[in-house]
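Okay, so here's the structure we're looking at.
The values are calculated or read from the model by the stated rules, or taken from the named source; none is laboratory data. Worth saying up front: this structure is predicted, and the values here are computed from it rather than measured. Counting neighbours? That spans all protein chains shown, and the Cβs are built from the backbone with ideal geometry, glycine included. For the accessible areas, the whole protein counts, side chains as well, though only heavy atoms, and no ligand, DNA or RNA atoms are used. Shrake-Rupley method; radii C 1.70, N 1.55, O 1.52, S 1.80 Å.
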Amino acid sequence: MKLKIILPIFIGLIMLSCDSKITNEADYSPYLTTQIDQTQLLEDVEFWTNRIENSSSTYSYLISRANANTDVFNVTGDIDYLIKAEEDLLEANTIIKDSDAGLLKNIAANYISQHRFKDALVLLKKAEANGAKLNGTKKMLFDVHLELGNYIDAEAYLKDLKNISSFDYLIRLSKLEDHKGNLDGAIENMEKAMVIAEDSNLKGMKLWSYTNIADFYGHAGDIDKSYAYFLKALELDPDNAYAKKGIAWIVYSHEKNPTEALNILNHVTSYHNTPDYDLLKAEIAEFNDDLKLKAASLTNYLAAVKNELYGDMYNKYDVMVYSDDLLIPERALEIAMQEVENRPTPQSYDLLAWSYFKLGEIKKANQIIEEFVDGKTFEPAVLYHVAEIYKAVGKTEDLQPLKKELVASLYELGPLMEQKIKQL
């Protein structure tokens, strides 16, 4: 990313050697005592269930119950409720036979949450043909094309939506700039969007902008600001799992305090538990030389993702677990091939190349990197794989700029990567 590329490497090394404490337990500890009461959420589901069972016209009630189930999923992370929402939305759609663009977009949003981006695209094209509320459809088409690696299509939709005073336009422009490696531009546009969100005083918009700007500031190495905005998110929503996870990452990666990071994560997973939290716990446990916790966390992850309802949602994580932790690269390769089929993005091709690399097929891995990955994404985890593969094939002239970028990205990569990067 441009901002990080221009940072002198010695600054990164200084930051590594003196990770100053930024967090203060007194800031966030009040948010670690909350307990989620699902009663109201489940009562909403039950309310609409009763309406459905006692009505001959169920269309609108099905949509309302789907929305209620989605709310439960968002709070708890329980995949069952996301799938129940899908079932209700599909049943509602059979009643009106694809005639409501809003419903088609609602189903597409559900599919996006499931990482079923190709399925979402099919529905959004139907919604586009319908013509109703077209701008909203185009926004979602941008989102899906970006996720699928259809960057020309994504930019075309964004150009059509251009409105520098629009929150929805600016957050998408920010996302596109981040994809291009222009972190400065991503932050600038997200800051503009945040001003609009604060002027609107709409909780959802502010919450979204705070958590996303916190991520961007973290990527840029501005950890103080990242922490401040995660706290602002918690002021709005004390139960926000994403913001708490962000603070846990700061405590772990910047402050090297694995015990406190795990304390925060254990609180979060008491009410919002998705498989990726187990992987983060496994990583922190490894850093803390707690092999028992690492093994238990990996076991929990593997047990969770056996649930067929997850579909391909955790393919990216599965590839890394099978290739790096379980040392079963053959299985990693199978999953990576499926992910390339689902989402032919540079990130997916990186998973494929890494799987071949772990199998010892270095030339095949290098071929994939050169054709589909190098220069097409700026994600630090991907750049590390590129560096390892280039080192293996003897492309030493390409290693130094990659190594500089990786040193500048160590906060984002996590402390376990420090030694690996030094050895490049």
query = For residues in the stretch 209-239 being acidic (Asp, Glu) and either under 16 Å from the mean Cα position of the chain (by Cα) or open to solvent by 40 Å² or more (accessible area, probe 1.4 Å) (or both), which is farthest from residue 188 (Cα to Cα)?
reply = 239
remark   = Selection from the stretch 282-323 of residues under 21 Å from the mean Cα position of the chain (by Cα), open to solvent by less than 60 Å² (accessible area, probe 1.4 Å) and either aliphatic (A, V, I, L, M) or modelled with pLDDT under 95 (or both) yields 282, 284, 298, 302, 304, 305, 313, 319, 320, 321
ask   = Take the residues of the stretch 38-69 that are more than 22 Å from residue 110 (Cβ to Cβ) and hydroxyl-bearing (Ser, Thr, Tyr): which is surrounded by the most Cβ atoms within 10 Å (Cβ to Cβ)?
value = 55
remark   = Going through the stretch 103-146 in order, the residues found to be within 22 Å of the chain's Cα centre (by Cα) and assigned to a loop (DSSP other than H, G, I, E, B) are 114, 115, 116
inquiry  = From the list 269, 274, exactly one residue is open to solvent by less than 30 Å² (accessible area, probe 1.4 Å) and in contact with a Gly (Cβ under 7 Å, 6 or more places away or on another chain). Which is it?
reply    = 274
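Look at residue 164 and say whether it is in a helix (DSSP H, G or I), among the aliphatic types (A, V, I, L, M) and more than 24 Å from residue 71 (Cα to Cα).
Working: in a helix (DSSP H, G or I): no; among the aliphatic types (A, V, I, L, M): yes; more than 24 Å from residue 71 (Cα to Cα): yes.
Spelling it out, it is not the case that residue 164 is in a helix (DSSP H, G or I), among the aliphatic types (A, V, I, L, M) and more than 24 Å from residue 71 (Cα to Cα).
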note = Checked the stretch 74-110 for anything open to solvent by less than 20 Å² (accessible area, probe 1.4 Å) and more than 20 Å from residue 45 (Cα to Cα); matches are 101, 104, 108
